[in-house]
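The values are calculated or read from the model by the stated rules, or taken from the named source; none is laboratory data. What you see is a predicted model, and the numbers here were worked out from it, not measured in a lab. What goes into the accessible areas is simple: the full protein's heavy atoms, side chains included, and nothing from ligands, DNA or RNA. Shrake-Rupley method; radii C 1.70, N 1.55, O 1.52, S 1.80 Å.
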Amino acid sequence: TDNAAPVSWSLRNAEGQSVADGVTSPFGLNAGSAQNVQRSDFGAFRTPGAGYTLRVGDSLSHPFDIAPDLYRRLKYDALAFFYHQRSGVEIEARFVGAAWARPVAHAPDRAACLTRDARGNAWSGCPYTLDASRGWYDAGDHGKYVVNAGVSLWTLMTYYERVAGAPERAAAFADGALNIPERANGVSDLLDEIRWELEFVLAMQAPVGAR
């Protein structure tokens, strides 16, 4: 807001009834957003519920929840990203919802050596083709890279090692914790997701004796 003076706010429940109100505290320029901001503090309101909204002046927030375990599922939401990025397999609606489902693509995914580049230069290439199926897409352009894979794999594998010695933490990623196809195979779902990318990395190795 460009207002320098405090602005009235109202916290409303899912039925639109005001359950708390007050005035904002002007903060000033936020360097990260380059915007003039104010703070609304409704931390004293402790009633759990869904569908709350905050009205500040003429602005209304998106609905949000208030709960003591609000971020309990955040680790699952973060890890679910990798299933969404899987290559070579259908992303099924029963795991991600209809809005995010998509048909199988790049199955199989064959990788051959470069023989001619964009400038027309010819290269000797190599006498083999790799089956580069599976793995995670790096971004929306459907590229897959072993270097980027190494970073993510190391992160997830190191995390698994850290929680493996703490039963209460390891249980959080036990078989069935995630919405993935392997959720009933008797193996930690974290390891299942790691395996999908690891098989791509292993398959990208050049054959023994090849260059």
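In the elastic network of the chain, a GNM with C-alpha springs shorter than 10 Å, the most mobile of Ala139, Ala171, Ala31 is Ala31.
Counting heavy atoms of the protein chains alone, Trp123 has an accessible area of about 140 Å² for a 1.4 Å probe. For the chain, the per residue solvent-accessible surface stands at 66 Å², with DNA, RNA and ligands left out and a 1.4 Å probe. Take the Kirkwood radius over Cα pairs of the stretch 156-195, plug it into Stokes-Einstein at 10 °C and 1.306 mPa s, and you get 159 µm²/s for translational diffusion. Here the stretch 30-95 has 53 percent of its accessible surface on carbon and sulfur atoms, given a 1.4 Å probe and all protein chains in place. The value of relative contact order for the chain, using C-alpha pairs under 8 Å at least six residues apart, is 13 percent.
Run the Debye formula on the Cα coordinates of the stretch 1-120, all scatterers equal and no solvent, and tell me log10 I(q)/I(0) at q = 0.18, 0.19, 0.21 1/Å. Normalising to I(0) and taking log10 leaves -1.03, -1.08, -1.15.
Per the Cα gyration tensor, the chain maps to an equivalent ellipsoid with semi-axes of 47, 24, 16 Å, ordered largest to smallest. In terms of Cα atoms, the Rg and Dmax of the stretch 42-93 work out to 16.8, 50 Å. Between the C-alpha center of the stretch 12-72 and that of the stretch 100-155 there is a gap of 45 Å.
Per residue, the average separation of C-alpha pairs within less than 8 Å and at least 6 apart gives the stretch 1-118 a relative contact order of 17 percent. Distance distribution note for the stretch 67-169: the fraction of Cα pairs above 22 angstrom is 52%.
Compared with the dominant Cα axis of the chain, that is its longest principal axis, helix 74-84 is turned about 40°.
Note on the stretch 117-203: the C-alpha convex hull projects to 7.9 nm² when averaged across all orientations.
Taking Cα atoms only, the orientation of helix 146-164 departs from the longest principal axis of the chain by about 60 degrees.
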